[in-house]
Amino acid sequence: MNRTTRLPVTRMSCHSCAATIERELTAVPGVASARVDFVSHEAVVEHDPAFAPREAIAAAIGRAGYGVANDHDSAAAASEHAHDGTRDAPTNDTAHEREYRRLMRKFWVAAIVSVPVLLLAYPELPWLYLPYAFTSDVSETIIRTLFVLSGVAALGVLAYSGRPFFTGAVAAFRHRSADMNTLIALGTGAAWVYSSVAVLWPRLFPEGTANPFYDVATVVTALVVLGQAIEVRAKGRTSEAIKKLIGLQAKTARVLRGDQEVEIPVEDVEVGDVVVVRPGEKVPVDGVIVRGSSALDESMVTGESLPVDKTVGDEVVGATMNTTGSFRFRATKVGKDTALAQIVKMVQDAMGSKAPIARLVDVVSSYFAPSVMIISILSFLVWFNFGPSPALAFAVVTAVTVLIIACPCAVGMAVPLSLVAGVGKGAEHGVLIRNGTALQTAARIDTVVLDKTGTITKGKPELTDALPATGFDADTLLSLAAAADAPSEHPLAQAIVHGARGRELAIAEAARFDAIPGHGVAADIDGTAVLIGNAKLMRRHEIDVRELDGDVERLQSEGKTAMYVVADGRPAGVVAVADTIKDDSVQAIRVMQEMGLEVIMLTGDNERTAQAIARQVGIDRVLAEVLPEDKASQVHELKRKGRKVGMVGDGINDAPALVEADVGFAIGTGTDVAIEAADVTLMSGSLKGVAYAIETSRATMRNAKQSLFGAFVYNTVGIPIAAGVLFPVFGILLSPLLAGAAMAASSVTVVMNANRLRFFRAKSFTEPAHAAPSRKEALA
């Protein structure tokens, strides 16, 4: 049976490294799939432990020329993964910090050694005139000795600080490929070899060309390593969403053991345990309240800021904050099964996935390094054969500069870094994007189809109106209606009862109750004969309710279910019930329309009810009376017309349409089937999440394309300049030192651009929502 193992990988220096490791891992017998994410420095391997144990996976990574961070801790993390899905990220975060410190050590060594090497590379500087005070033979000996010392020092830098470039280049060569390591190793290695030959056997070179370039080897190594260190630190910031999510989890739980409350680590909580939660404490795991009530702040999971009232029978989610009351709940999901662990896993998987544009970039990147090597060779040949004197020196400098300035990392990192930042930004607001394909597709959506029930509306009926007839007041009317409906289990009847309780009205007990299917109910309330129902019930009892017909018709035109109330044969008034609109649906739909999206409502309701709801929320196009099995065909028809469709739903009957759509959005408060079928899950149940997901996707893809454009422009312009195309006209030849600085800066720029997404503010979460009237205000 296959299992999934996550391992933090060290010594990766560019996007191509991840591809090399993937090829090595997939060649291991028993490995079903392997995905290596350069951004998080993590390998995710699906394998059969019987044929491919963890040790074999680690060995394969080693054969590729890379390592597994803190092997002991990683093994522990891998074993813990079976118990708690949130345990891998802290290990990976620690690996990031260790990698940063390791790179900074290498940088400081290279930087300190580079200072004297750089100075010795220019003996014409005034303070270095001392050797020339001696005779020419003695002077030449001193200078050559200084150059030899520079060569030894530069070799030390390459062996220590530059070692990963050479081991990576060897690993790439073994896999018949080339990457950034290959380019840096060839560039710095060629500079050192040329310099050493020029120092030791200067007569092999034409007069005036035996000049060493040890400073190129040391300074370029220092600059590239510094760039990598900055990348590691910045990449850690792009995945802060994961750290924030993991930080939400409670560390301990207070459970009942007999009559005693015992505090235990949250990892030890088992399904069925009764957990005690006091005011100000976090809910440790998922469960159902069995005693007490409270208001819970669920913003860390759903993105909604208002506390939610919870009482016996209600579900609670681990990591949410208890605000006021104390309660006990029975644990139903622990460890990797909790909502928080599932969210973390989904976000991790999404961050490690590849968008279609990233796969195209991978293909381009695979040809990049070999192309640069060819350009470098051609540059050498052109300068050696047609360049000015000393032609050999010019040829070597241009060939090395081309190798050093080229930056496949900037190209390879552009999309993954933006993807990580975008997915993390969505998770912060309760919007869980399943993978990179969903994110890229969501950015191109032009049509959003909204299921009505449970998506635009709350999905359950509520009392909306109580209109008394002459001789009655609203409270009396509602008390009679609620008393008559109290024994009924019908959802409409219970909505009236809840509405009366919300107004704190007394509800008398019915002495007689009679439910009349398809008509309504009849009851005796404190000696008063009460009827509540539709027009058919009124005709059946020959009650004249013409004075109420106008109110009934108006309410029905608004999409509400209106019911007549009669007391002792006299019309008492009309009460209306409806599946009310969610508080923020109007704002969310308006934001989507302002974004240029066409919003369509899809419902099985009749045309009049559907149009009434559509008018309230500002939707112009309605697809009404659509059977559940026809929802997917309606979405397909829109796609056939060339539209990019996002479908939003919450029920089992929405699942086929969610799959059919280009991007399916599932309301997190809906069914598991709908959530499983969707590409994006909205944890809060709010339509604002749809607008936010699309805004975030657009911002992410815009950011990725900016980085890609910058990386391609950098390489397109930089490589020809490094090859010397400006020299014939302007006499400008780029120094390898400047090329190294430019290469490091280009990678850092891509990382910094991706980090801009951390400060992205979507319109859907910054506009103030219009305050919804309270139930008392609505009924007044």
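The values are calculated or read from the model by the stated rules, or taken from the named source; none is laboratory data. All values derive from a computational prediction rather than experimental measurement. Note that we place each Cβ from the backbone using ideal geometry, even for glycine, and neighbour counts take in every protein chain shown. Accessible surface areas use protein heavy atoms only, side chains included; no ligands, DNA or RNA. Shrake-Rupley method; radii C 1.70, N 1.55, O 1.52, S 1.80 Å.
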_If I filter region 3-13 down to residues being open to solvent by 20 Å² or more (accessible area, probe 1.4 Å) and among the polar types (S, T, N, Q), which single residue comes out as farthest from residue 346 (Cα to Cα)?_
10
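Quick check on residue 488: is it hydroxyl-bearing (Ser, Thr, Tyr), open to solvent by 10 Å² or more (accessible area, probe 1.4 Å) and at negative phi?
yes
More than 21 Å from residue 416 (Cβ to Cβ) and either of a type in the set (D, E, K, R) or modelled with pLDDT of 85 or more (or both): does that describe residue 725? Break it down into steps so the answer makes sense when it comes.
Numbers: more than 21 Å from residue 416 (Cβ to Cβ): yes; either of a type in the set (D, E, K, R) or modelled with pLDDT of 85 or more (or both): yes.
The answer is yes for residue 725.
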*Of all residues in region 604-627, which are at pLDDT 85 or above and polar (S, T, N, Q)?*
611, 616
*Kindly provide the set of residues from region 24-40 that are modelled with pLDDT under 85 and within 20 Å of residue 166 (Cβ to Cβ), ordered by number.*
38
*Please note which strands (runs of 3 or more DSSP E) are completely contained in region 587-664 and include at least 1 residues that are touching a helix residue (DSSP H, G or I) at 6+ places or on another chain (Cβ under 8 Å), crowded, with 23+ Cβ neighbours inside 10 Å and not hydroxyl-bearing (Ser, Thr, Tyr).*
598-602, 645-649
*Within region 248-265, work out how many residues are surrounded by 17 or more Cβ atoms within 10 Å (Cβ to Cβ), farther than 16 Å from residue 327 by Cα and either in contact with a strand residue (DSSP E or B) (Cβ under 7 Å, 6 or more places away or on another chain) or of a type in the set (Ser, Thr, Tyr) (or both).*
1
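Would it be correct to say that residue 502 is in contact with a Lys or Arg (Cβ under 9 Å, 6 or more places away or on another chain) and either buried (at least 20 other Cβ atoms within 10 Å of the Cβ) or at pLDDT 90 or above (or both)?
Details: in contact with a Lys or Arg (Cβ under 9 Å, 6 or more places away or on another chain): yes; either buried (at least 20 other Cβ atoms within 10 Å of the Cβ) or at pLDDT 90 or above (or both): no.
Considered against the rule, which asks whether it is in contact with a Lys or Arg (Cβ under 9 Å, 6 or more places away or on another chain) and either buried (at least 20 other Cβ atoms within 10 Å of the Cβ) or at pLDDT 90 or above (or both), residue 502 comes out as no.
Quickly run through region 27-60 and pick out the residues that are under 24 Å from residue 751 (Cβ atoms) and not in a loop (DSSP other than H, G, I, E, B). Walk me through how you get there before you give the answer.
Here is the first cut: in region 27-60, the ones under 24 Å from residue 751 (Cβ atoms) are 35-44.
Passing the criteria: 35, 36, 37, 42, 43, 44.
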*Among the residues of region 617-631, which ones are in contact with a strand residue (DSSP E or B) (Cβ under 9 Å, 6 or more places away or on another chain) and among the aliphatic types (A, V, I, L, M)?*
617, 619, 622, 623, 624, 626
*Does residue 77 satisfy the condition of being touching a Lys or Arg at 6+ places or on another chain (Cβ under 8 Å), closer than 23 Å to residue 230 by Cβ, open to solvent by less than 40 Å² (accessible area, probe 1.4 Å) and at pLDDT below 80?*
no
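Restricting to region 14-49, name every residue that is of a type in the set (Gly, Ala, Ser), open to solvent by 10 Å² or more (accessible area, probe 1.4 Å) and under 20 Å from residue 103 (Cα atoms). Step through it out loud before you land on a result.
Pass one, region 14-49, residues of a type in the set (Gly, Ala, Ser): 16, 18-19, 27, 30, 32-34, 40, 43.
From the residues that got through so far, the ones that are open to solvent by 10 Å² or more (accessible area, probe 1.4 Å) too are 16, 19, 27, 30, 32-34, 40.
Hits for region 14-49 are 16, 40.
Of the residues that sit in region 749-780 and are at pLDDT 70 or above and more than 15 Å from residue 418 (Cβ to Cβ), which one is least open to solvent (accessible area, probe 1.4 Å)? Before you say what the answer is, go through the steps one by one.
Filtering region 749-780 for residues at pLDDT 70 or above gives 749-763.
Now restrict to residues that are more than 15 Å from residue 418 (Cβ to Cβ): 761-763.
Values: 761: 180, 762: 3, 763: 80 Å².
Selected residue: 762.
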_I need the full set of residues from region 628-655 which are at pLDDT below 85 and under 19 Å from residue 593 (Cα atoms), in order please._
649
*Of these, 478, 450, which one is assigned to a strand (DSSP E or B) and buried (at least 19 other Cβ atoms within 10 Å of the Cβ)?*
450
*Per-region count, region 684-708, residues more than 16 Å from residue 408 (Cβ to Cβ), assigned to a helix (DSSP H, G or I), of a type outside the set (D, E, K, R) and open to solvent by 10 Å² or more (accessible area, probe 1.4 Å)*: 2
*Taking the stated definitions as given, is residue 583 in a loop (DSSP other than H, G, I, E, B), out of contact with any helix residue (DSSP H, G or I) (no Cβ under 9 Å at 6 or more places or on another chain) and open to solvent by 40 Å² or more (accessible area, probe 1.4 Å)?*
yes
*Looking only at region 665-683, which residues are open to solvent by 10 Å² or more (accessible area, probe 1.4 Å) and either closer than 11 Å to residue 432 by Cα or modelled with pLDDT of 85 or more (or both)?*
668, 675, 679, 683
*Which listed residue is crowded, with 22+ Cβ neighbours inside 10 Å and over 17 Å from residue 484 (Cβ atoms), from 555, 531*: 555
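Taking residue 371, is it open to solvent by less than 10 Å² (accessible area, probe 1.4 Å), modelled with pLDDT of 75 or more and within 30 Å of residue 720 (Cβ to Cβ)?
Working: open to solvent by less than 10 Å² (accessible area, probe 1.4 Å): no; modelled with pLDDT of 75 or more: yes; within 30 Å of residue 720 (Cβ to Cβ): yes.
Here the answer is no, as residue 371 does not meet what is asked.
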*Pull up region 409-436, narrow it to residues that are in contact with an Asp or Glu (Cβ under 8 Å, 6 or more places away or on another chain) and open to solvent by 10 Å² or more (accessible area, probe 1.4 Å), then point me to the one that is modelled with the lowest pLDDT.*
416
